[in-house]
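Below: one structure, written as structure tokens.
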Amino acid sequence: AIKVVPQTWEKTWFQWLENIQPWCVSRQLWWGHRIPAWFSDDGKCYVAEDAAAARALAGPNVALEQDEDVLDTWFSSALWPFGTLGWPDALENPSPLAGEGDSRRSASGERGSRENPEAVPLSPSPRSAYAESPSPARGEGKSLLSKHYPNDVLISGFDILFFWDARMAMQGLHFMKEVPWKTLYLHGLVRAPDGSKMSKSKGNTVDPLGLIDQYGADAMRFTLSAMESQGRDIKLDEKRVEGYRNFATKLWNAARFLQGNGVGASASITAPSATLAVNKWIIGEVVETLAKLDQAIADLRYDAMADAIYHFAWGTFCDWYIELVKGAFDDETRSVAGWAFDQILVMLHPFMPFITEELWGSMGARGGHLLIHAKWLSAATPINNVTLNDGTWIVSHDARDLIEWVIGTTTSVRGARNEAGIAPGLRLQAYVTDNAPIVGRYIEQAAELLERVCRLSISYPDAAPDTASVRVAVPLATLIIPLEGTIDLDVERTRLTKGIEAASKEAESVGKRLDNPAFVEKAKPEAIAKARADFAEKSAEAERLRAALARLG
């Protein structure tokens, strides 16, 4: 009845349960549950729930002394799934949840207290479209035990699989006649950067509070989530924490940029209407990222969740969407950008609760509602430009294909500029060859976008002039960019030739070292790994420069 995740632990789980061994349940500690056993002067033992029950068993005139030991910690902890919820009294005397507590609200929306029985009307406040609508408490009228037992998922370290997890299952089955949870998720252990177990004697321990002070709790939390891959141990490297701190900074700077361009909080969870391809594209990307997150949640793949939201927030939204709309913020773009950024905050909140809550409040009025209460976008929410088929979002590919072509073209042209030594701000003229038929339509639809983002005008279907030029491979086509008037060709050829010679010489030198058996046999593994990395890097650099020289003609 219990699903073990990852499944590789199932064999170990059942092997232990099916081969039960004696269990010492007592400890010589000064705290804990006292052993429920009382001894008389003649050595007889009486086991009972309390002293009165033991006295009733022994007789009124028998002097009894309770065992001084306490129950094993894991034995007591095994009662946790139900012992903390009012068991065993709640089995016979359910205590309703509704109407109890000073801060509980009545059905009329009023709040009272024991000190002041007069109900005080709550002042009305505007509700954010993102906030959950009020509804009766789940399990209202039930006891805590019936409401929370059994639970859904237990998240535990695999190192206490027997000590705690199996014993909770055993006691739950015995006392409650039902397993305490439906899924047991076993995560890995946090280890030193080299994979060894942390030890004070080795001096390789990592102080999490120190990392939090240096990089923030959000960065630390995201690091552990991103590295948690169903049971695999986490090699905690400070560089990873630093990298996710930079991710938080990127998000903060994006929010400030959006605010500086008039973008604020979204008024609705439903995506705004969009006519521009770039806005249709980002709406589709939000939806597809949400679908990835939903699937990762269902699979208990926290690393996949972190990976999906990280690449969308940093790469897709911050690096490309903001770049594509920079300098062209109209009302539609402001509305779509605000909605997409809100969705990022909602998706990222479980991983980085502090910065996302701060940005949620700073982006605009929310009617006093916190991000933690915001709705998670679901298939039940209508999305413009997105259709729903059997509960699955189907994104229109037209806008996506166009924008991905623009991104691919921009990336290739910028790389060619850099390799040819062409100033980034210089406007270029390009001609198309070896193209697929769809490219003509892409050029027509994205002409203004390429001009603004790439500083590139594309003539189509005109032929390129017969002059020195650079050929750039872009998606579905090749661009020919004349170089006359843009750079000094002789100087550029000389620069590339010298670069090729230097990179080739270094690659050759490292290659000879790697070919030397004495080096490979005697050198440290780290030195060999570095030499191989250097060889690959210099070889690739030489090849890249040769390609750039060939493009000059």
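Tabulated data for the structure shown
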quantity	calculated
Hey, residue 284 in contact (Cβ under 8 Å) with a residue 40 or more places away in the chain and on the phi > 0 side of the Ramachandran plot or not	no
Considering residues of region 169-216 that are in a strand (DSSP E or B) and not β-branched (Val, Ile, Thr) only, the residue modelled with the lowest pLDDT	191
All positions within region 295-318 that are in a helix (DSSP H, G or I) and either touching a strand residue (DSSP E or B) at 6+ places or on another chain (Cβ under 9 Å) or open to solvent by 60 Å² or more (accessible area, probe 1.4 Å) (or both)	295, 297, 298, 302, 307, 311, 314
Criterion: free of Cβ contacts under 8 Å to residues at least 12 places away in the same chain and open to solvent by less than 60 Å² (accessible area, probe 1.4 Å) - qualifying residue of 507, 531, 503, 518	518
Selection from region 1-43 of residues that are assigned to a helix (DSSP H, G or I), out of contact with any Gly (no Cβ under 8 Å at 6 or more places or on another chain) and surrounded by 12 or more Cβ atoms within 10 Å (Cβ to Cβ)	10, 12, 13, 14, 16, 17
Exclusive hit being assigned to a helix (DSSP H, G or I), more than 30 Å from residue 402 (Cβ to Cβ) and open to solvent by 60 Å² or more (accessible area, probe 1.4 Å), set 240, 256	240
Candidates 473, 464, 423 - the one that is within 21 Å of residue 327 (Cβ to Cβ) and either buried (at least 20 other Cβ atoms within 10 Å of the Cβ) or hydrophobic (A, V, I, L, M, F, W, C) (or both)	423
Lone qualifier among 267, 274 - being surrounded by fewer than 19 Cβ atoms within 10 Å (Cβ to Cβ), aliphatic (A, V, I, L, M) and at pLDDT below 90	267
Residue that is nearest to residue 42 (Cα to Cα) [pool: residues in region 80-102 that are of a type in the set (A, V, I, L, M) and either at pLDDT 90 or above or open to solvent by 40 Å² or more (accessible area, probe 1.4 Å) (or both)]	91
Region 52-81 - residue that is in contact with a Leu (Cβ under 7 Å, 6 or more places away or on another chain) and not charged (D, E, K, R) and, of those, farthest from residue 167 (Cα to Cα)	58
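The values are calculated or read from the model by the stated rules, or taken from the named source; none is laboratory data. What you see is a predicted model; the values in this text were computed from it and never measured. We place every Cβ from the backbone using ideal geometry, glycine too, and count neighbours over all the protein chains shown. Surface accessibility is based on the protein's heavy atoms, side chains included, excluding ligands, DNA and RNA. Shrake-Rupley method; radii C 1.70, N 1.55, O 1.52, S 1.80 Å.
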